[in-house]
Structures are given as C-alpha cells and as structure tokens.
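Shown next, in structure tokens, is the structure this report addresses.
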Amino acid sequence: VVIEELSPNGKSAFDHSKDKAKDLSYYYAHQPEAEKGFPAEAVVRQDDPLSRADGLGPKALDERKPVEFDNVRWVNTMSYSDDGKVVKVYIDFPEEIKGADITCDWERFGVELIARLPNGRLYGVRVKDAEGWVLEHERKNGWAHEIEPEKCKYRVSSSAPRVTLTLAKKDEKEKWYELRKKDIRSTF
C-alpha cells in the first residue's frame, strides 16, 4: 500500500519536489531519460555494466613503486634444455622466492624478470640484445634464436628457490646448441 500526501494545491510530493528543486530533486533520477536533458557531451552507455565487471568486488590499486634497478640483485647463472618446441631455462636464486611478486616482460630475443620478495629484496634476470643491431651477425647478448613472446611463460618452483622459463621457439625445428647469442668478434 502506497500512501502519498497531497499538498493543498492538489500536487503530489513527487511533482512538488520536481517543481521546487528542478534537476536537484530527489526524484530527478526517476524521470524518463528524455526529460532529464543530459548535456550534449554526456556518454550514456547502453550495454550492461556487468559485462565489464568480473563480479569479484572492488580491486586495490597497484601501489607498487617503480623498480629502481640500482637495488636489483641480478642473477646471471642459468641452465637450459631444448625440449623440442620449447626451451626450458632454469634459474636458481640465492634465497626462497615463494610468495614473491614477479613481473616478467618478454621480447623476441630476451626477457626481463623482476622478483620482489615480501622482505623487500629485489632479484632480477635480464637477457637483452645490444641496442642498434641491424644484421643478424651484429646481434649479441640476447637469446641464441628468436622466440614467440606471447607464448612464453614462467613458473616458480614449489620445492626450490628456482624459476623455470619456458621459451616458445619461433622455429620449432631449430635446435638450440647455446642459450645466448655471443658477440662474433669476441672469438677473434
């Protein structure tokens, strides 16, 4: 049962509020869209907002500070195995990295992995080509062969302070006899 008091002039509280407060009225939100008079630059979305939401509630903003590379302890020793379509790279860290916040950026001939431990220490692995190469024989320091970055992944070991990088080969039939590209001039 809805009981609504009428004012002495016969208007309902709804109409009286709309007349008195105009677009600041409590009932303004309940008007039909055509009567609201949105500004010309307003964007009215027609799609369901639930199509963009994941349903898991609000998310905390990423408040991480950018990595200061002066504080990173770089790990340069690694081993690898050629497993047909992929190459597995094994990186052993000096301490347990379970629970670390890991970021990994892949490139065609390299990777940069940063592990931010809960105690604040930073460990990193960087395999990167020298800048400015044009011809293949000028390329050095990156992976020995090209990889497909979007198919690569990493895994933190549950039993050891180790990360395994899985590199997806660009040419699946190509054998990797060395992990990193060496400077051809260093052999002379």
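The values are calculated or read from the model by the stated rules, or taken from the named source; none is laboratory data. Note that the coordinates shown come from a computational prediction; the quantities given were computed from them, not determined experimentally. Quick reminder, even Gly has a Cβ in these numbers, built from the backbone with ideal geometry, and neighbours come from all protein chains shown.
Before moving on, here are some points about what is shown:
- Single match in GLU41, GLU35, GLU63 (criterion: outside any loop (DSSP other than H, G, I, E, B), of a type outside the set (A, V, I, L, M) and either assigned by the TED database to the domain that holds ARG155 or at pLDDT below 90 (or both)): GLU35
- With a requirement of 1 or more residues that are of a type in the set (A, V, I, L, M, F, W, C), buried (at least 16 other Cβ atoms within 10 Å of the Cβ) and modelled with pLDDT of 85 or more, the strands (runs of 3 or more DSSP E) lying completely within segment 76-188 that satisfy it span 86-92, 101-107, 110-116, 122-127, 153-156, 162-168.
- Boolean, ARG73 is out of contact with any helix residue (DSSP H, G or I) (no Cβ under 8 Å at 6 or more places or on another chain) and buried (at least 16 other Cβ atoms within 10 Å of the Cβ): no
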